[in-house]
1. Please go through region 168-226 and pick out each residue that is over 20 Å from residue 105 (Cα atoms) and small (Gly, Ala, Ser).
2. Could you look through region 34-49, keep only residues that are near the ligand (Cβ under 7 Å from one of its atoms) and surrounded by 14 or more Cβ atoms within 10 Å (Cβ to Cβ), and pick out the one that is nearest to residue 152 (Cα to Cα)?
3. May I ask you to verify whether residue 207 is in contact with a strand residue (DSSP E or B) (Cβ under 9 Å, 6 or more places away or on another chain), assigned to a loop (DSSP other than H, G, I, E, B) and hydrophobic (A, V, I, L, M, F, W, C)?
4. Quick check on my filter: what residues within region 168-195 are within 17 Å of residue 229 (Cα to Cα) and among the charged types (D, E, K, R)?
5. Among the listed residues 71, 82, identify the single one that is surrounded by 15 or more Cβ atoms within 10 Å (Cβ to Cβ) and within 14 Å of residue 163 (Cα to Cα).
6. For a quick check of your reading of the model, give me the residue pairs whose first member lies in region 40-51 and is within 16 Å of residue 11 (Cβ to Cβ) and of a type in the set (D, E, K, R), whose second is near the ligand (Cβ under 6 Å from one of its atoms) and in a helix (DSSP H, G or I), with beta-carbon atoms closer than 7 Å and at least 6 apart or on different chains.
7. Residues 129, 125: which one is among the hydrophobic types (A, V, I, L, M, F, W, C), in contact with a Lys or Arg (Cβ under 7 Å, 6 or more places away or on another chain) and modelled with pLDDT of 95 or more?
8. Pull out all pairs, ordered by first then second residue, where Cβ-Cβ is under 6 Å, the residues are six or more apart or on different chains, the first lies in region 22-39 and is touching a residue at least 12 places away in the same chain (Cβ under 8 Å), and the second is assigned to a loop (DSSP other than H, G, I, E, B).
Amino acid sequence: MTQPVRLVGETGSTNEDMKALAAAGEPEGAWLRAEVQTSGKGRMGRAWQGDVGNLYASTLVRLGPLDQPAHSLALVIAVAVHEALSEFVGAGVLSLKWPNDVFAGNAKLCGMLLERVGDAIILGIGINIVSAPVLPDRETTCLRDLGAASCDAAHVLERVAEHFANSLAQWRTYGLEPLIRAWQARAHPPGTALAAQLPDGERISGAFEGLDAHGALILRLADGSRRVIHAGDVFLLNP
Ligand code: BTN
């Protein structure tokens with residue numbers, strides 16, 4: 001089923017626009033896409049910038065009383081985007097980094113930002129299609145550079161929206177266990193060296209072990225101890 005998409009030319013942030021729409025009663029399943037964003041927001045207070053031709057879009061989920069915890073939607077959208085983008089670049093090219101970044105090797109292809117307004121969770125995705133922003137501290141890539149020559153933002157969003165609608169229905173029907181298995185199957189391999197910047201400022205590093213039953217990240221530290229991470233910024237080490 002095709003999901004409804006509103007298209008705007010230029011806006012500050014599609015997440016901010018979707019928050020306003022959510023407050024005005026926008027139903028679950030609607031998408032908003034902008035051709036360009038002037039104040040796009042990333043995780044941890046960072047900015048998200050990019051060229052015309054890349055994808056900037058947001059949708060909303062209305063949480064019901066029987067739904068799984070809201071934070072697990074980060075994994076739902078990650079799996080859906082990974083599935084959709086793999087259609088363009090082939091299987092085995094992309095991997096997920098907790099909670100919901102999509103990487104090709106050590107280069108970031110896509111980021112997602114979840115925000116809450118009342119009973120609505122706003123999910124924003126930024127996908128580099130035609131160009132990869134140059135950043136001082138991290139490698140980036142885009143679909144074109146990965147060989148997906150003929151895709152455009154409208155088509156990529158169509159595929160993302162369809163996969164997301166399916167993943168969301170499965171999350172509601174079957175819960176977290178199959179979702180966590182699906183996420184792990186798309187992640188970098190166990191043992192991958194990761195660093196995590198925790199909300200209290202602590203920085204730790206360790207080997208990726210997987211996710212716990214709630215979707216939190218498990219790291220094995222050098223001293224053999226195990227740390228379960230519920231929030232923070234995670235980086236690939238030793239690229
Ligand atoms: C990240 O830091 O990795 C998350 C980036 C999320 C960017 C997208 S672009 C569309 C939506 N609107 C925003 O302002 N941010 C998200």
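1. 169, 175, 201, 213, 215, 216, 222, 224, 225
2. If we take residues in region 34-49 being near the ligand (Cβ under 7 Å from one of its atoms) and surrounded by 14 or more Cβ atoms within 10 Å (Cβ to Cβ), then 37 is nearest to residue 152 (Cα to Cα).
3. no
4. Once the filter is applied, which keeps residues that are within 17 Å of residue 229 (Cα to Cα) and among the charged types (D, E, K, R), region 168-195 yields nothing.
5. The unique qualifying residue is 82.
6. 41/15
7. Just a single option satisfies the conditions, and that option is 129.
8. Note: pairs meeting the criteria are 29/3; 30/4; 31/3; 37/13; 38/12; 39/12; 39/13.
The values are calculated or read from the model by the stated rules, or taken from the named source; none is laboratory data. This structure is a prediction, so every number in the text was calculated from the model and none was measured. With ideal geometry, Cβ positions are generated from the backbone for all residues, glycine too; neighbour counts draw on all protein chains shown.
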